[in-house]
Amino acid sequence: MTTDTFEPTIIGFTCNWCSYRAADLAGTARLKYPPNIRLIRLMCSGRLDPTFVFKALSSGADGVMITGCHPGECHYLEQNYKALRRFHLIRRTLKGFGVEPERVKLVWASAAEGAKFASETASFIEEIRSLGPLNWGKSGGGRPTTEDGDSPSSVLRPQSETEEVPA
Amino acid sequence: MTDNAKPKFAMYWAASCGGCEIAVLNIHEKILDVDANFEVVFWPVAMDAKYKDVEAMEDGSILLTLFNGGIRNDENEHIARLLRRKSQLLVAFGSCACEGCIPGLANLSPAGEIVHTAFNTVSTDNPHGIYPRASFDVPEGEITIPKIFPTLRTLDQVVDVDYYMPGCPPESHQIGAVIDLVVKVLHGEAQLPPKGSVIGAGNSTVCDECTRKRNVKSITSFKRIYDVEIDPELCLLEQGIPCNGPATRSGCNARCVSAGAQCIGCYGPAEGVVDYGARLIAAFASVIDSTDPEEIEAILDGIPDPAGQFYRFNLAGSLLKAGKPAWEKG
Ligand code: SF4
Ligand code: SF4
Ligand code: FES
């Protein structure tokens, strides 16, 4: 359900030492990439709790980009390998949820790779644009599936209305 | 009637298997304490009572309601709201009410598909392809059946809940302890825990209660329990058995792991865990011994159903709450 007007919302996680600096460099070098990504800086990609990814997707994000230092260059030694393994497991789990695993991407970027950061971000935004909105919880509702069902209530969003129960 | 002086007790099952009711009966002679201290006013599995009897009660007139089961259809929701109004203390009893449990796994599929599967598989004897209708006219009038919702919700996704009692089902000794506590509170000998507390369970993890020996975990392959000879003393996860102990709330005395089977997580998320599956993903990813993407993928093939492994009991209560097909197609 790609539309010309769909602007994906992407949450990007960067590590303090490499990929955030890459993003910074992309900025100071005035490299252009679409404004669809909101960056959140962590100390290290190893701090990327998988909860953050599910939280992002269940709060309206259409995709999540995890970034960190190149393998072997993590400032906390091996933590980006942990991020790598989490990333693989997150993608497999999302697949089980019927969510396209491509909505989560992993990018290694050194502090010198501003251009790589910008181009990877731009291409991810286009990939998500072609996947279409995630639409988390959009239609489900608590609505009865029968045609004559007329008491809409939300399953995935907080309940908004209260059914009257005779006293 | 002297019984009227006693505080009122109710128990209800929504979308559940009935195991919670068995677990309550399994407290043996302690059930007599329930009878001695409470008037049982509504408990469909154990006594005859009509919804209209409950509707006729005054709001707040039931002291304690144990509600098991998730909210899968409009009847479940109606009774959840009704019992919420009639009860002073509403307890989400068991994994289904707390977090969705096995019925919550159906949230991976659209409701229509679930109905279709139920009435139309090779193992179903339904030669005329008859499907239930939401309403049907008979000479006496219109009869209806409950309407299925697109997904199953936990009790607290529908009404306000006072206490949570996890477990599939809750362990009998834990039910017994909670009944003891409530009886003490009734006699002014104890106080209720703060609203929203998890009762009848521990505050740490199954690993904490597990007596298996632990060394450094470094996993090069995941195995199914029936494929290997299990070391009876060593941590199962260390042996490559996907054990959910690290994310699961304590309270069962590590029952399965001490019997030689991995914990599958029926006591739900441990204290402070926001998303049960996410915690397990973090835990499993930490112990896999590989830095090579292809090798990691090969190791992860050993967990053929990650959504089921990580969310077997917690899917409806997780951050995503359902699979995309369920929220897209309803
Ligand atoms: S992972 Fe399982 S076997 Fe290992 S310590 Fe935890 S509960 Fe025990
Ligand atoms: S070991 Fe795990 S699955 Fe078994 S009873 Fe305890 S919490 Fe439930
Ligand atoms: S510090 Fe950059 S990934 Fe660890």
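The values are calculated or read from the model by the stated rules, or taken from the named source; none is laboratory data. None of the values given here were measured: they were computed from a predicted structure. Note: ideal-geometry Cβ built from the backbone for every residue, glycine included; neighbour counts use all protein chains shown. Please note that ligands, DNA and RNA were not included when accessible areas were found on the heavy atoms of the full protein model with its side chains. Shrake-Rupley method; radii C 1.70, N 1.55, O 1.52, S 1.80 Å.
The single condition among (1) surrounded by 16 or more Cβ atoms within 10 Å (Cβ to Cβ); (2) among the charged types (D, E, K, R); (3) over 16 Å from the mean Cα position of the chain (by Cα) that B:E99 does not satisfy is (3). One residue is enough: does segment B:282-294 have a residue meeting the conditions within 12 Å of ligand 2 (Cβ to nearest atom) and either open to solvent by less than 10 Å² (accessible area, probe 1.4 Å) or of a type in the set (A, V, I, L, M) (or both)? No - not one qualifying residue is present in segment B:282-294.
Of all residues in segment B:254-286, those being more than 9 Å from chain A (Cβ to nearest Cβ) and over 15 Å from B:T205 (Cβ atoms) number 3. Total residues in segment A:50-86 satisfying the condition of being within 14 Å of ligand 3 (Cβ to nearest atom), open to solvent by 10 Å² or more (accessible area, probe 1.4 Å) and more than 17 Å from A:T121 (Cα to Cα): the figure is 14. The single condition among (1) touching a His at 6+ places or on another chain (Cβ under 9 Å); (2) crowded, with 20+ Cβ neighbours inside 10 Å that B:T151 does not satisfy is (1).
Among the residues of segment B:232-281, which ones are among the hydrophobic types (A, V, I, L, M, F, W, C), within 8 Å of ligand 2 (Cβ to nearest atom) and on the phi < 0 side of the Ramachandran plot?
B:C252, B:C256, B:V257, B:A261, B:C263, B:I264, B:C266
Residues of segment A:70-118 that are out of contact with any Leu (no Cβ under 7 Å at 6 or more places or on another chain) and either aromatic (F, W, Y) or within 16 Å of ligand 1 (Cβ to nearest atom) (or both): A:Y76, A:Y81, A:W108, A:F117.
Among the residues of segment B:176-213, those that are of a type in the set (V, I, T) and either open to solvent by 60 Å² or more (accessible area, probe 1.4 Å) or over 30 Å from B:A283 (Cα atoms) (or both) comprise B:V178, B:I179, B:V182, B:V183, B:V185, B:T211.
It is to be established whether one or more residues within segment B:243-252 are open to solvent by 60 Å² or more (accessible area, probe 1.4 Å) and either away from ligand 3 (no atom under 16 Å from the Cβ) or hydrophobic (A, V, I, L, M, F, W, C) (or both). Among the residues of segment B:243-252, not one is open to solvent by 60 Å² or more (accessible area, probe 1.4 Å) and either away from ligand 3 (no atom under 16 Å from the Cβ) or hydrophobic (A, V, I, L, M, F, W, C) (or both), which makes the answer no. Would you check if there is a residue in segment B:214-226 being within 11 Å of ligand 1 (Cβ to nearest atom), buried (at least 19 other Cβ atoms within 10 Å of the Cβ) and polar (S, T, N, Q)? No, every residue in segment B:214-226 fails to be within 11 Å of ligand 1 (Cβ to nearest atom), buried (at least 19 other Cβ atoms within 10 Å of the Cβ) and polar (S, T, N, Q).
Per-residue answers, yes or no, for (1) at negative phi; (2) more than 12 Å from chain B (Cβ to nearest Cβ); (3) away from ligand 2 (no atom under 16 Å from the Cβ):
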site: A:G27; (1), (2), (3): yes, yes, yes
site: A:T51; (1), (2), (3): yes, no, yes
site: A:L57; (1), (2), (3): yes, no, yes
site: A:L77; (1), (2), (3): no, no, yes
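Within this structure, A:T93 passes the test of being over 23 Å from A:A26 (Cα atoms) and assigned to a helix (DSSP H, G or I). Of the candidates A:A61, A:A26, the single residue that is under 24 Å from A:E7 (Cβ atoms) and not in a loop (DSSP other than H, G, I, E, B) is A:A26. Evaluating B:D231 against the criteria (1) in contact with a Leu (Cβ under 6 Å, 6 or more places away or on another chain); (2) of a type outside the set (A, V, I, L, M, F, W, C); (3) more than 21 Å from B:C98 (Cβ to Cβ) leaves one unmet condition, (1). In the set (1) buried (at least 19 other Cβ atoms within 10 Å of the Cβ); (2) in contact with a Gly (Cβ under 9 Å, 6 or more places away or on another chain), the condition left unmet by B:K8 is number (2). Close Cβ contacts (under 8 Å, 6 or more residues apart or on different chains) running from residues in segment B:44-64 that are away from every other protein chain (no Cβ under 12 Å) to residues that are open to solvent by 70 Å² or more (accessible area, probe 1.4 Å) and at pLDDT 95 or above comprise B:P44/B:W13; B:V45/B:W13; B:I62/B:Q88; B:L63/B:Q88; B:L64/B:Q88. Selection of segment B:198-218 for residues being more than 10 Å from ligand 2 (Cβ to nearest atom), part of a strand (DSSP E or B) and touching a Gly at 6+ places or on another chain (Cβ under 9 Å) yields only B:V198.
Set side by side, the residues B:E58, B:E39 differ, and just one is touching a Phe, Trp or Tyr at 6+ places or on another chain (Cβ under 8 Å) and either open to solvent by 10 Å² or more (accessible area, probe 1.4 Å) or at pLDDT below 95 (or both), which is B:E39.
Within segment B:74-88, the only residue that satisfies the criterion of being assigned to a strand (DSSP E or B) and open to solvent by 30 Å² or more (accessible area, probe 1.4 Å) is B:Q88. If you go through segment B:241-258 and keep only what is assigned to a loop (DSSP other than H, G, I, E, B) and within 11 Å of ligand 1 (Cβ to nearest atom), you end up with B:I241, B:P242, B:C243, B:N244, B:S250, B:C252, B:A254.
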